[in-house]
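K.L.:
If you scroll down you'll find the structure; I have some questions about it.
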Amino acid sequence: MLPVHQISLPTPYPVGPVNVYLILSEPYTLVDAGPETAEARAMLKEALAARNLSFSDLKRVVLTHSHADHSSLAGWLQDVSGAKVFVHPIELNRMLKPQNFFAERLPFLSETGCPRAIIQQMIAARDKLPAPKIREDGAVELKGGEELPFEDGGLKVYHFPGHAPGHLCLYDPEEGNFFSGDFLLPHITPNPFVEFEPDHPGRRVHTLSIYLEGLRKVNDMAIKTVWPGHGGVFSGHRKLIASYYEHHENRLQYLLEILGRNGELTVFQLSRLVYPDLNGFDIFLGLSEIQAHLDVLSERGLVSAREQEKVFYYRALA
């Protein structure tokens, strides 16, 4: 049996605190690192001390993905503890070679029909956390399929992309514990970020379709308890997954209805109709949501896209 302790750390994001998990069995391991802030450092130190541990006792930090609230403290933990950081190679590459988030996505933003002033507004909304960075000589790649051994058991590694291309989840088949990162969250549906194929930077990945396929696999797993990246620990993963499917099907139908009433619309126009009050970086999240659902509708043959002056216009085919 692997003893698990949830440690909640504050973040500057609207999603609220992030959870990291201490596996109190040799080799002592953290699942996710938390945000790079002085407050998070102090709270993590205090949580370890409450269990008679210090940073030097940590041997592994396993990252579910490289989003800053989950991973930006990892480099500092490498330095103070000597722990190895285990991460998917796609996420590792992002941490070794941080890129300008919006520079990579400017062609997509233009294709959505987003006005230049709105793009500038998104770019100006700088991340409140530093870009995650770790040392390559202290990193270990996990691609999914591996097992992490402990003195009292083991965790199986699963690659479940969708929210992030290199998103990992961990599963203890003996106890039925599932460390979901941002793949399963109790109160919100994870955002299907616009992403591109690592070997083809301009080729967009259909993130929602990939995510929904991962949900089908997780639905079949014998999970007793989910330990999420945000929110409280919960059980009943199949009920949550069913609610996710319902949410996405409702959103797909809603977009079809909007297109049916309005004719051709861009991704940006659709996002303004569905999410009229978004500002700053949240505008990008809204665009990601709309594009991901349009991709699914396109795959189902329910919408078509027409390109005009490098902007795509969508219409319903039903």
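The values are calculated or read from the model by the stated rules, or taken from the named source; none is laboratory data. These numbers were taken from a predicted model, which means no experiment stands behind them. Note: ideal-geometry Cβ built from the backbone for every residue, glycine included; neighbour counts use all protein chains shown.
K.L.:
What tally of residues in the stretch 15-60 results from selecting those that are within 25 Å of the chain's Cα centre (by Cα), surrounded by fewer than 19 Cβ atoms within 10 Å (Cβ to Cβ) and either on the phi > 0 side of the Ramachandran plot or modelled with pLDDT under 95 (or both)?
P.N.:
2
K.L.:
Here's a follow-up. If a residue has to be assigned to a loop (DSSP other than H, G, I, E, B) and free of Cβ contacts under 8 Å to residues at least 24 places away in the same chain to count, how many in the stretch 225-240 make the cut? Don't jump to the end; show me each part of the working.
P.N.:
At the first step, the residues of the stretch 225-240 found to be assigned to a loop (DSSP other than H, G, I, E, B) are 229-233, 235-236.
Imposing the further condition that a residue be free of Cβ contacts under 8 Å to residues at least 24 places away in the same chain reduces the set to 235-236.
Number of matching residues: 2.
K.L.:
Out of all the residues in the stretch 247-257, which are of a type outside the set (Phe, Trp, Tyr) and exposed (fewer than 15 other Cβ atoms within 10 Å of the Cβ)?
P.N.:
Result: His247, Glu249, Asn250, Gln253, Glu257.
K.L.:
Could you say which residue among Tyr28, Tyr13, Tyr21 is within 21 Å of Cys169 (Cα to Cα), of a type in the set (Phe, Trp, Tyr) and out of contact with any His (no Cβ under 8 Å at 6 or more places or on another chain)?
P.N.:
Tyr28
K.L.:
Tally time: how many residues in the stretch 165-181 are closer than 16 Å to Phe86 by Cβ, in contact with a Phe, Trp or Tyr (Cβ under 9 Å, 6 or more places away or on another chain) and in a loop (DSSP other than H, G, I, E, B)?
P.N.:
Selection size over the stretch 165-181: 1.
K.L.:
Ok, one more. Anything in the stretch 44-55 that is in a helix (DSSP H, G or I) and touching a strand residue (DSSP E or B) at 6+ places or on another chain (Cβ under 9 Å)? List them, or say none.
P.N.:
Leu44, Ala47, Leu48
K.L.:
Restricting to the stretch 164-220, what's the tally of residues that are of a type in the set (Lys, Arg), modelled with pLDDT under 95 and surrounded by fewer than 16 Cβ atoms within 10 Å (Cβ to Cβ)?
P.N.:
Going through the stretch 164-220 one residue at a time, the tally reaches 1.
K.L.:
Let me ask something else about it. Could you say which residue among Ala222, Ala131 is among the small types (Gly, Ala, Ser), under 17 Å from the mean Cα position of the chain (by Cα) and in a loop (DSSP other than H, G, I, E, B)?
P.N.:
When all the criteria are applied, what remains is Ala131.
K.L.:
Right, next: Return the only residue of Phe108, Phe86, Phe102 being among the aromatic types (Phe, Trp, Tyr) and under 21 Å from His230 (Cα atoms).
P.N.:
Phe86
K.L.:
Of the conditions (1) in contact with a strand residue (DSSP E or B) (Cβ under 7 Å, 6 or more places away or on another chain); (2) of a type in the set (Phe, Trp, Tyr); (3) surrounded by fewer than 21 Cβ atoms within 10 Å (Cβ to Cβ), Phe102 clears all except one; give me its number.
P.N.:
(1)
K.L.:
Condition first: more than 17 Å from Phe179 (Cβ to Cβ) and surrounded by fewer than 18 Cβ atoms within 10 Å (Cβ to Cβ). Can you find one or more residues in the stretch 61-75 that meet it?
P.N.:
No.
K.L.:
Then there's this: Does Arg261 satisfy the criteria of being surrounded by fewer than 15 Cβ atoms within 10 Å (Cβ to Cβ) and either outside any strand (DSSP E or B) or in contact with a Pro (Cβ under 7 Å, 6 or more places away or on another chain) (or both)?
P.N.:
Yes: the conditions hold for Arg261.
K.L.:
Something else now. When the stretch 199-211 is examined, which residues are found to be closer than 15 Å to Ser298 by Cα and part of a helix (DSSP H, G or I)?
P.N.:
Result: Thr207, Leu208, Ser209, Ile210.
K.L.:
I would also like to ask the following. Considering only residues that are in a loop (DSSP other than H, G, I, E, B) and either under 18 Å from Pro10 (Cα atoms) or among the aliphatic types (A, V, I, L, M) (or both), which ones fall in the stretch 56-100?
P.N.:
Passing the criteria: Leu58, Leu63, Thr64, His65, Ser66, His67, Ser72, Leu73, Ala83.
K.L.:
Test Asp79 against the stated conditions and say whether it is surrounded by fewer than 22 Cβ atoms within 10 Å (Cβ to Cβ), among the acidic types (Asp, Glu), out of contact with any Phe, Trp or Tyr (no Cβ under 7 Å at 6 or more places or on another chain) and over 17 Å from Val267 (Cα atoms).
P.N.:
Values: surrounded by fewer than 22 Cβ atoms within 10 Å (Cβ to Cβ): yes; among the acidic types (Asp, Glu): yes; out of contact with any Phe, Trp or Tyr (no Cβ under 7 Å at 6 or more places or on another chain): yes; over 17 Å from Val267 (Cα atoms): yes.
Taking the combined requirement at face value, the residue satisfies it.
K.L.:
OK, next. Among the residues of the stretch 277-318, which ones are among the polar types (S, T, N, Q) and outside any strand (DSSP E or B)? Lay out the reasoning, then the answer.
P.N.:
Kept after step one, since they are among the polar types (S, T, N, Q), are these residues of the stretch 277-318: 279, 288, 291, 298, 304, 308.
Result: Asn279, Ser288, Gln291, Ser298.
K.L.:
Which condition from (1) crowded, with 18+ Cβ neighbours inside 10 Å; (2) at pLDDT below 95; (3) of a type in the set (Ser, Thr, Tyr) is the one that Tyr158 breaks?
P.N.:
Result: Tyr158 fails condition (2) only.
K.L.:
Are any residues in the stretch 280-318 buried (at least 17 other Cβ atoms within 10 Å of the Cβ) and acidic (Asp, Glu), and if so, which ones?
P.N.:
Glu289, Asp295
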